[in-house]
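Quick notes on the structure that follows.
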Amino acid sequence: MGGYGPPRSPLLLLILLIVGGLLGSLLGTALGDYAPILNQGFQPLGFEPTTFDLLVVTITFGLTLKFNVASAVGFLLALFVYFKML
């Protein structure tokens, strides 16, 4: 029966996206002087830090994602690798 491949792991996709975004950002920072478009940033996404004081423990949650063109290219390459890998 054709058309169906082995199941893919969502954890593998998450790892590849994180690595692709990090490598893209590093390359964008390194090559930003030669190709300034790589450092062109997008609006940051995320949540401002929120603190919960429970008297015994204080918990702070927050997440901010900052994207640039190079990290977007890294994400696209990670997706390409993910779908070609299996």
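A few notes on this one:
- Residue check for Gly24: surrounded by 15 or more Cβ atoms within 10 Å (Cβ to Cβ), within 13 Å of the chain's Cα centre (by Cα) and not acidic (Asp, Glu): yes
- Inter-residue pairs, beta-carbon under 7 Å, first within 14 Å of Ile18 (Cα to Cα) and in segment 58-77, second part of a strand (DSSP E or B) and hydrophobic (A, V, I, L, M, F, W, C), 6+ apart: Leu65/Leu45
- Residue, surrounded by the most Cβ atoms within 10 Å (Cβ to Cβ), within segment 27-43, restricted to residues that are small (Gly, Ala, Ser) and assigned to a helix (DSSP H, G or I): Gly28
- Number of residues in segment 26-39 that are in contact with a strand residue (DSSP E or B) (Cβ under 6 Å, 6 or more places away or on another chain) and at pLDDT 85 or above equals 1.
The values are calculated or read from the model by the stated rules, or taken from the named source; none is laboratory data. Note that this is a predicted model, so its numbers are computed, not measured. We place every Cβ from the backbone using ideal geometry, glycine too, and count neighbours over all the protein chains shown.
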